[in-house]
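One structure is given below, encoded as structure tokens.
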Amino acid sequence: MKTSNAEHDRQRRTLMIVLILNGLLFVGLGLGGLLANSSALLANALDNASDSLVYLISFLAVGRALAWKLRAARTSGVLLLIFAAGVLIDAGRRWWLGTEPIGWTMIGLAVVAAVVNLICLKLLRGLKGDDVNLRAAETFSFNDFASNGGILVAGALVLWLKQSWPDLVVGVIVAGIAAKGGLEILEGARKINTQRASDGASRGG
């Protein structure tokens, strides 16, 4: 089923709003993570930076041919896997060198980020169609929202236990969520490509 030009314009507007919101979260969480010495906040900031690139790719993919959209989706999946590897390396470095995260900063920024990501998720779920890149964008927003909940819990544990390990654990979990999302997107693109090839073979036969 083809999507109308009006719906394409709506998709572009929504993706641009989500892109801007994620860019702002990247800056806010990044600065907060540095000030709070928090692996979880920095992981979430890098996640938002990766998401911003993905939303930009999705924005450019609107209205284009399926082959272009599949390439964009694969790029999105690979970016998430690269991000996950970077976060794991950073968490290992912080565990080795030692950190003293600030729990209240983690909690405050996690609440703000959760509200913003919930807005993004509602905007994306309001779009029509089953476009692979729109579904990828929705996956990212849901992953971010779940990660914010983990940071909220980690911040509370850091305050309660006076230890840094909850922050590191959540940083690793955020990386795991990102890796899972990346693999799901790559698998979804593979299935669509396989179905397209099968349909082409059937028509050719």
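At a glance:
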item: Every residue from segment 1-22 that is farther than 16 Å from V115 by Cβ and either among the polar types (S, T, N, Q) or at pLDDT 90 or above (or both); result: T3, S4, N5, Q11, T14
item: Failed criterion for I185 (all others in (1) under 18 Å from N48 (Cα atoms); (2) surrounded by fewer than 23 Cβ atoms within 10 Å (Cβ to Cβ) hold); result: (2)
item: Residue selected from segment 23-53 under the condition within 17 Å of the chain's Cα centre (by Cα) and more than 14 Å from A113 (Cβ to Cβ), by the criterion surrounded by the fewest Cβ atoms within 10 Å (Cβ to Cβ); result: L53
item: Candidates R12, R93, R74 - the one that is of a type in the set (K, R) and either free of Cβ contacts under 8 Å to residues at least 12 places away in the same chain or not in a helix (DSSP H, G or I) (or both); result: R93
item: Considering residues of segment 141-163 that are polar (S, T, N, Q) and buried (at least 20 other Cβ atoms within 10 Å of the Cβ) only, the residue farthest from A43 (Cα to Cα); result: S141
item: Looking only at segment 143-176, and only at residues there that are assigned to a helix (DSSP H, G or I) and in contact with a Lys or Arg (Cβ under 9 Å, 6 or more places away or on another chain), the one that is farthest from G92 (Cα to Cα); result: N143
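So that you can scan it fast, the table gives a plain yes or no per residue for (1) among the aliphatic types (A, V, I, L, M); (2) in a helix (DSSP H, G or I); (3) surrounded by 15 or more Cβ atoms within 10 Å (Cβ to Cβ); (4) touching a helix residue (DSSP H, G or I) at 6+ places or on another chain (Cβ under 6 Å):
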residue: F83; (1), (2), (3), (4): no, yes, yes, yes
residue: W104; (1), (2), (3), (4): no, yes, no, no
residue: K122; (1), (2), (3), (4): no, yes, no, no
residue: A178; (1), (2), (3), (4): yes, yes, yes, yes
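The values are calculated or read from the model by the stated rules, or taken from the named source; none is laboratory data. This one's a predicted model, so the numbers in the text were calculated from it and none came from an experiment. Heads up, the Cβs are rebuilt from the backbone with ideal geometry, glycines too, and the neighbour counts pull from every protein chain shown.
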